[in-house]
Amino acid sequence: MPKTSAKSLRTKAAYNKRPSVQNKRVLQNRARRRALAAGKVRKGDGKDVHHKVMLAKGGSGKDSNTAVLSRKANRGWRSKHPKVYKKGRK
């Protein structure tokens, strides 16, 4: 496995320090904790807590905006919708 470059690590660290990224992470973690408390997911079960309206597109962190999906279903949409995820844009 190739070693991550120092430049790449600095870039990731700068990105993760952005307030908008930190707020999004707080909402994602809160939604996961709420689903754990409600018994909808368990640690290591291969499930993700999905936001129906993406946080980046103005979605809320409320329980009504979340659903439990398999990890594959939740993370697999990016390759099918590159414009939403901003990959492939020049």
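Throughout, read-outs are computed from the coordinates displayed, never taken from laboratory work. Remember, it's a predicted structure, so these values are computed and weren't measured experimentally. Cβ: placed from backbone, ideal geometry, glycine included. Neighbour counts: every protein chain shown.
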**OP:** Take 66, 4 and order them by how many other Cβ atoms sit within 10 Å, fewest up front.
**Re:** 4, 66
Original post:
Which of the lysines could a cross-linker bridge to residue 83, judged by Cα under 21 Å and excluding same-chain residues fewer than eight apart?
Top reply: 24, 52, 57, 72
**OP:** Would you kindly work out the equivalent ellipsoid of the chain from its C-alpha gyration tensor and give its semi-axes, the square roots of five times the eigenvalues, largest first in whole Å?
**Re:** 25, 17, 16
Original post:
To the nearest 500 deg cm²/dmol, what mean residue ellipticity at 222 nm is calculated for the chain from DSSP H runs of n ≥ 4 alone, each contributing -39,500 (n - 2.57), summed and divided by the residues?
Top reply: -13500 deg cm²/dmol
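What does the charge dipole of the chain about its Cα centre add up to, to the nearest 20 debye, if the Cβ of each Lys and Arg holds +1 and the Cβ of each Asp and Glu holds -1?
With Lys and Arg at +1 and Asp and Glu at -1, about 400 debye.
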Original post:
If amide H atoms are built 1.01 Å from N in the plane of the peptide, which residues on other chains or at least 5 residues away come under 5 Å of the amide H of residue 66?
Top reply: 52
